[in-house]
1. For the range 55-98, which positions are surrounded by 14 or more Cβ atoms within 10 Å (Cβ to Cβ) and among the charged types (D, E, K, R)?
2. Give the range 95-114 a look and list any residue that's among the basic types (Lys, Arg) and either in a loop (DSSP other than H, G, I, E, B) or in contact (Cβ under 8 Å) with a residue 24 or more places away in the chain (or both), or say none.
3. Can you say whether ILE74 is of a type in the set (Val, Ile, Thr) and in contact with a helix residue (DSSP H, G or I) (Cβ under 9 Å, 6 or more places away or on another chain), as far as the supplied structure shows?
Amino acid sequence: MNREYGILMVVLVMSMLVSMLVMEIWERISEEKKDREKESAYECGFNPFMEEKSGYEMRYYKLGIMYIIMDVEISYMYPWSIGMVEIGKEGVVGGIIFMLMLTIGYVYEWKKGGIEWE
């Protein structure tokens with residue numbers, strides 16, 4: 001039993017040493033390659049190096065909602081399509097109604113301009 005714990009401790013110590021080595025190497029490499037592009041704002045809507053943080057723009061929330069709608073629709077569509085034979089007519093109709101409801105949300109967001117990127 002102690003042998004297994006000894007092996008586990010060796011693996012733990014080795015992984016910590018390798019992690020620290022990789023972080024040190026990355027720190028030295030990243031200090032040499034700083035430029036304006038790497039320090040610019042990236043998909044977050046505000047400059048990350050400001051003293052005070054302003055709120056996120058509304059378009060990021062809209063994009064998040066659209067992602068959730070499409071993600072839910074796709075995650076339910078795959079098992080529904082695989083088990084279509086077993087669920088019967090009621091299951092197929094229920095799945096179609098569910099997808100229509102999510103599609104209506106998608107079309108609504110499209111008509112309101114939530115998909116348009118400025």
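Any read-out appearing in this document is the output of simple, stated calculations on the displayed coordinates, not a laboratory observation. Because the structure is a prediction, the values reported are computed rather than measured. So basically every Cβ, Gly included, is an ideal-geometry build from the backbone, and we count neighbours across all protein chains shown.
1. Within the range 55-98, ARG59, LYS62, GLU73 meet the criteria.
2. none
3. So ILE74 does not fit the description; no.
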